[in-house]
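Working notes, structure below.
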Amino acid sequence: MSTLELKNVNKIYPNGFHAVHDFNLTIEQGEFIVFVGPSGCGKSTTLRMIAGLEDISSGDFTIKGKRVNELGPREREVAMVFQSYALYPNMTVYDNIAFGLTLQGVDDDVIEQRVLNTAKILGLTDYLDRFPRALSGGQRQRVAIGRSIIRKVGIFLMDEPLSNLDAKQRVTMRAEIAQIHRETGATTIYVTHDQTEAMTLADRIVVMKDGYVQQVGTPKELYFDPVNVFVAGFIGEPPMNFVRGDVKGGKFNLGDNVLDLAPVLGDKLAQYEGKHIVFGFRPEAIVLGNVADAYPVKCNVELTEMLGDNTNVYIVSGTERAILKVDPHDTPALDADITFSIPHKDVYLFDAETEMVIR
Ligand code: ATP
C-alpha cells in the first residue's frame, strides 16, 4: 500500500509566484525518495508542503489514503531534519535526542531505552554527556537525525542535511543515512541539489526544474533513459556532452567529423531530415581509437585532468568542445590529435526544439 500521495499539487506564494506546478507522485511504504534539482526549482517548497510547514495552494496530499492538506505538522506524523542542525546548545546530546519524547511526557525509563538505542544506531553512545559545541559537524548532524528518528514516525523528511559538512564528512554521513534507512525502514524524502547524493541514496529520484517535475525514476533509469536534455545533463559527472546541429542528407556534423545518423535514427531518419537536433554522449561512454558499431571522432586534446581513478580529457573539433573520461593509463598528451569512438548504442538524440529525447 502506498504511504503518501501527491495529486496535482501546486504552490502559489502570497506574492503570486507559482513555485510548484502540478506535482504528482505516489510514494510506497519504506521508499527512499530524493528530490533533486538546481537552486530555486521548488524542491524545498514541495518538502515543506509535505511537512505541513507550507500551505498547499491546490491539489490533494494523502497519507495512507487520508487527505491531510489541512493537518498541522505534528498531526501528520512526519519528522524533519534541516540543513542547520538546530540543536539546543545548553543541552547534552542525551537531552537533545530525548527532547521530543520529554515534551510528550513519555516515561523516563522508556526515554532512556530509546535514546540508548538511537545513539547506538548513530554511533553516539560515547557522546551522550557532551554538549553540541564539543562535537564535530558530522556528529551534530547525527544528533539532529537522532532527534528525528527517536520519534519513530513513519515518514522522515530531510532538507539538504549534509550541506554544512565538508566533502569527506558528506561521504561518510551519506553512507550512514543509507544505513539508518535500512535499519528504520522509514519512508524517507530527501532534498538535495547534489546529483551524486541523489544517485547513491535514492530508490527513486524526482528531478525538478523551474517548479516542474522533469522525470521520476530509479537512478539507473535516469542515467540510461533520460527523457530530456535537462535530465541527461543533470545526472552524471562530468555531465553528458551535447552538440547542436542540423540533420542534412542523413548526416550530422560533430565538429570536423561527419556522422551518418542512419544507425541511430533508423526509420526516423527521414522524419528528422533538415531538423535541428542535439547529439549527446556521456564522457565515460567512449572508447579510445576505432571500434566497430561506433562513430569515430577525430579531435585535438586541449587539457587533461588526472583524478587518480580516471582522467578527464578536454577535446576540441572545429568549434565543438567535449569532455572524455578515460583510464588514467591512457591519458593522451596535450595538443595530441586523437581519435575516439562513440558506440552507436550510447548516443542520445534530442529534438532541439522540444529538448525531448528521440526514442
Ligand atoms: P534551494 O536549493 O536554493 O533551497 P529549492 O529548489 O529548494 O532551492 P525553493 O526554496 O522551493 O527552491 O523555492 C522555489 C521558488 O520559490 C524560488 O524561486 C523561491 O525564490 C520561491 N520562494 C520560496 N519561498 C517563497 C516565498 N515565501 N514567497 C515567494 N516566493 C518564494
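The values are calculated or read from the model by the stated rules, or taken from the named source; none is laboratory data. Keep in mind it's a predicted model, so treat the numbers as computed, not measured. Cβ coordinates were reconstructed from backbone atoms using ideal geometry, including for glycine residues, and neighbour counts include every protein chain displayed. What goes into the accessible areas is simple: the full protein's heavy atoms, side chains included, and nothing from ligands, DNA or RNA. Shrake-Rupley method; radii C 1.70, N 1.55, O 1.52, S 1.80 Å.
Positive-end ranking of Q29, G59, T184 along the dipole of region 4-234, with charges on Cβ about the Cα centre, is headed by T184. Carbon-plus-sulfur accessible fraction, region 241-351 (probe radius 1.4 Å, protein heavy atoms only): 50%. Each other residue within a Cβ distance under 15 Å of A294 adds +1 if Lys or Arg and -1 if Asp or Glu, for a net charge of -1. Annotation: aspartates and glutamates with alpha-carbon distance below 19 angstrom to K220 (same-chain offsets under eight excluded): E28, E31, D194, E197, D203, E237, E284, D346. Averaging the sequence gap over all C-alpha pairs within less than 8 Å and six or more residues apart, then dividing by the number of residues, gives region 241-351 a relative contact order of 32 percent. The mean sequence distance of close C-alpha pairs (under 8 Å, at least 6 residues apart), as a share of the length of the chain, puts its relative contact order at 15 percent. Tell me, what is the FRET efficiency for R244 and L303 to the nearest 0.05, using R0 = 25 angstrom and their Cβ-Cβ distance as r? Between R244 and L303 the formula returns 0.65.
Could you tally the net charge around T46, taking each other residue with its Cβ under 15 Å from the Cβ of T46, Lys/Arg +1 and Asp/Glu -1? Local net charge: -1. I'd like the FRET efficiency for K268 and R182, computed as 1/(1 + (r/R0)^6) with the beta carbon distance as r and R0 of 56 Å, rounded to 0.05. That gives a FRET efficiency of 0.80.
Can you check what the net charge comes to around K220, using other residues whose Cβ is under 12 Å from the Cβ of K220 (Lys, Arg +1; Asp, Glu -1)? Charge balance in the 12 Å sphere: -2.
Ligands, DNA and RNA aside, F17 has an accessible area near 120 Å² when probed at 1.4 Å.
Heavy-atom accessible area per residue, region 4-234, 1.4 Å probe: how many Å²?
Here the per-residue accessible area is 46 Å².
Of R147, R74, R244, the order by accessible heavy-atom surface (1.4 Å probe, DNA, RNA and ligands excluded), from most exposed downward, is R74, R244, R147. Legend: P(r) of the chain from all alpha carbon pair distances, 20 Å bins from 0, whole percents, reading 26, 46, 25, 4. Counting only DSSP H runs of at least 4 residues, each contributing -39500 (n - 2.57), and dividing by the residue count of the chain, the helix-based mean residue ellipticity at 222 nm comes to -7500 deg cm²/dmol.
Checking the Cα-Cα distances for K66/K209; K248/K298; K64/K168; K43/K66 against a 27 Å cut-off, the pairs over it are K66/K209; K64/K168.
Averaged per residue, what accessible area in Å² does region 241-351 show with a 1.4 Å probe, protein chains only?
49 Å²
The spacing between region 172-229 and region 1-20, judged by their C-alpha centroids, is 19 Å. Counting only DSSP beta bridges with both residues in the chain, the antiparallel share comes to about 75 percent. Taking only the C-alpha atoms of region 107-234, the Rg (one decimal) and the largest Cα-Cα distance, Dmax (whole number), read 16.9, 56 Å.
Rounded to the nearest angstrom and listed largest first, the equivalent-ellipsoid semi-axes of region 241-351 from its Cα gyration tensor are 26, 13, 11. Averaging Cα coordinates gives a centre for region 55-130 and one for region 275-337; these two points are 49 Å apart. Computed over protein heavy atoms with a 1.4 Å probe, the carbon and sulfur contribution to the accessible area of region 4-234 reaches 49%.
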